[in-house]
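Worksheet for the structure shown next.
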Amino acid sequence: MNKVKQATLFGATGLIGNCILSKLLNDDQFSKVVVATRNLIDFENKKIEVQFINFDDPEEIKKSISKSSIVFSTIGTTQSKVKGDQTAYRKIDFDITYHVAQACKFYDVEHFLMVSSGGADSKSNNFYLKLKGEIDQAVFDLNLNSALIFRPSLLMGKRKEFRLGERIAQIILPIISFLMPKNFKPIQAEKVANSMINYSKSSHVGNKIIQNADMQRSIDHNNKY
């Protein structure tokens with residue numbers, strides 16, 4: 001019988017994070033879900049423990065995972081939210097994620113699972129892809145028990161906030177997706193969430209990147225990774 005675990009989730013109000021939270025609450029293998037957030041969440045459930053934290057304070061981040069064996073991070077922002085300020089963008093996408101990973105190292109957590117981006121590359125000339133690649137490498141350099149980085153392509157799903165460019169792409173790209181390589185095909189946020197949860201139950205040790213094509217496949221909970 002699988003051991004019942006406690007998880008901490010960062011980014012619960014986002015598209016993937018919201019899917020993860022919903023699924024964890026209906027999963028008997030998780031006894032409690034600590035939601036580390038600065039915003040109110042829509043869920044009310046006895047398994048949820050909401051911790052309102054200051055993401056600029058690494059100590060508060062550490063406290064939110066102190067009793068969890070699994071940590072999920074779907075932290076991320078957009079250029080519009082930071083008004084094009086790349087320093088502010090990096091502070092959210094890199095600094096917060098890295099502090100979460102450092103806390104996982106401190107508490108020796110079983111699995112740290114985070115969302116990156118398809119095409120992430122620290123040598124890219126594109127600011128976003130370069131930043132994502134730098135985050136991925138920094139996390140891997142910590143040598144956690146298990147660091148699983150998920151690199152989805154364009155996400156399909158209904159966000160709380162409206163993004164015009166993304167919405168247009170969500171309409172057009174699925175029509176031509178049969179022409180696209182699997183790593184670039186649009187993917188449902190729910191598939192990413194399913195993949196992350198399934199890997200969180202695995203015996204995987206060390207660093208691993210899960211590409212879009214891997215998440216596109218239907219994954220059995222009993223598979224060994």
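The values are calculated or read from the model by the stated rules, or taken from the named source; none is laboratory data. This is a predicted model, so every value here is computed, not measured. Every residue, glycine among them, receives a Cβ derived from its backbone with ideal geometry; neighbour counts consider all protein chains shown. SASA here: full protein model, heavy atoms, side chains in, ligands and nucleic acids out. Shrake-Rupley method; radii C 1.70, N 1.55, O 1.52, S 1.80 Å.
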Of all residues in region 89-107 being aromatic (Phe, Trp, Tyr) and modelled with pLDDT of 95 or more, which is nearest to Val139 (Cα to Cα)?
-> Tyr98
Which ranges mark the strands (runs of 3 or more DSSP E) fully within region 1-62 that have 1 or more residues being at negative phi, in contact with an Asp or Glu (Cβ under 6 Å, 6 or more places away or on another chain) and open to solvent by less than 50 Å² (accessible area, probe 1.4 Å)?
-> 30-37
Kindly indicate the residue of region 143-169 that is open to solvent by 30 Å² or more (accessible area, probe 1.4 Å) and modelled with pLDDT of 95 or more and also nearest to Gly17 (Cα to Cα) among those meeting that condition.
-> Arg151
Determine if region 68-77 includes at least one residue that is small (Gly, Ala, Ser) and over 18 Å from the mean Cα position of the chain (by Cα).
-> no
Just checking, which of Val139, Val71 is over 21 Å from Lys32 (Cα atoms), among the β-branched types (Val, Ile, Thr) and open to solvent by less than 30 Å² (accessible area, probe 1.4 Å)?
-> Val139
Consider only pairs whose beta carbons are under 7 Å apart and that are at least six residues apart or on different chains; among these, list those whose first residue lies in region 191-213 and is closer than 15 Å to Cys104 by Cβ and whose second residue is open to solvent by 20 Å² or more (accessible area, probe 1.4 Å) and at pLDDT 95 or above.
-> Val205/Asn145; Asn207/Phe140
Hits in region 77-96 - residues which are hydroxyl-bearing (Ser, Thr, Tyr), open to solvent by 70 Å² or more (accessible area, probe 1.4 Å) and not in a loop (DSSP other than H, G, I, E, B) | Thr87
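Quick check on my filter: what residues within region 97-129 are within 25 Å of Ile53 (Cα to Cα), assigned to a helix (DSSP H, G or I) and open to solvent by 10 Å² or more (accessible area, probe 1.4 Å)? Steps first, answer last, please.
Restricting attention to region 97-129, the residues satisfying the condition of being within 25 Å of Ile53 (Cα to Cα) are 97-116.
Narrowing the set further to residues that are assigned to a helix (DSSP H, G or I) leaves 97-107.
Once the filter is applied, which keeps residues that are within 25 Å of Ile53 (Cα to Cα), assigned to a helix (DSSP H, G or I) and open to solvent by 10 Å² or more (accessible area, probe 1.4 Å), region 97-129 yields Tyr98, His99, Gln102, Lys105, Phe106, Tyr107.
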Only one of Lys191, Lys182, Lys208 is basic (Lys, Arg) and either surrounded by fewer than 12 Cβ atoms within 10 Å (Cβ to Cβ) or at pLDDT 95 or above (or both); which?
-> Lys208
Given the conditions (1) in contact with a strand residue (DSSP E or B) (Cβ under 8 Å, 6 or more places away or on another chain); (2) modelled with pLDDT under 95, and given that Ile172 satisfies all but one, which numbered condition is not satisfied?
-> (1)
